[in-house]
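Engineer: Questions regarding the structure given below will be posed in turn.
Rule-based calculations on the coordinates, nothing more; no lab input. Because the structure is a prediction, the values reported are computed rather than measured.
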């Protein structure tokens, strides 16, 4: 037997859920569905959360981008793709990417690439370059940045 919630109980529960950490609309809807709320109740609750600033997609997108960049060292491509999966609007997606200053982005990219290059235990230079390329692509960095860095690192070796 599933616990049932009144709209008021669900509102309080979702307020806490959103206050704990910024959420996107898709996460909130998923949570409401897991609580077996009917779609009319979901609409009422989501409207309430937006009106009371518990749910703010632009704020979510910006903090998501900052966090994934600073903590997980993700590049702009990966951040953009992850936000798209969460149905973030193009406007909020662009605002989120502006949260990452260009200088800081380039600095983080070079630092990550050099650290990873030093950690790759591979004597064959082509294999080593491929490993670094794959790593940086997975992290979501732009291929033109990666190619330039690979040339620079290979020249130093």
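Engineer: Using alpha carbon centroids, what distance separates the range 15-61 and the range 116-157, in Å?
Structural biologist: Cα centres, the range 15-61 to the range 116-157: 41 Å.
Engineer: Rounding to the nearest 10 and keeping the result within 0 to 90°, find how far the Cα-based axis of helix 57-72 lies from the longest principal axis of the chain.
Structural biologist: 40 degrees
Engineer: Next question, about the same structure. Kirkwood hydrodynamic radius (Cα pairs, Å) of the range 57-97?
Structural biologist: This gives a value of 9.6 Å.
Engineer: With axes computed from alpha carbons, what is the tilt in degrees of helix 102-119 against the longest principal axis of the chain, rounded to the nearest 10 within 0 to 90?
Structural biologist: So the inclination is approximately 60 degrees.
Engineer: Run the helix sum for the chain: -39,500 (n - 2.57) per DSSP H stretch of 4+ residues, divided by residue count, reported at 222 nm to the nearest 500 deg cm²/dmol.
Structural biologist: Result for the chain, helices only: -24000 deg cm²/dmol.
Engineer: When the chain is fully extended, how far beyond the present Cα-Cα distance does residue 98 get from residue 127, taking 0.36 nm per residue of separation?
Structural biologist: 7.0 nm
Engineer: Need the full-extension length gain, residue 36 to residue 155, defined as separation in residues times 0.36 nm minus the C-alpha distance. One decimal, nm.
Structural biologist: Gain on stretching residue 36 to residue 155: 36.9 nm.
Engineer: Starting from the exponent 0.38 and prefactor 2.2 Å, build the expected Rg for the range 18-78 from its residue count and divide its actual Cα Rg by it.
Structural biologist: Output field value: 1.29.
Engineer: Right, here's the next one. Please check: in the Gaussian network model of the chain (C-alpha springs, under 10 Å), which one of 121, 66, 138 has the largest mean-square fluctuation.
Structural biologist: Comparing 121, 66, 138 in a Gaussian network model of the chain, the most mobile one is 121.
Engineer: Next up: For helix 143-156, report the angle its Cα long axis makes with the longest principal axis of the Cα atoms of the chain; keep it between 0 and 90° and round to the nearest 10°.
Structural biologist: 30 degrees
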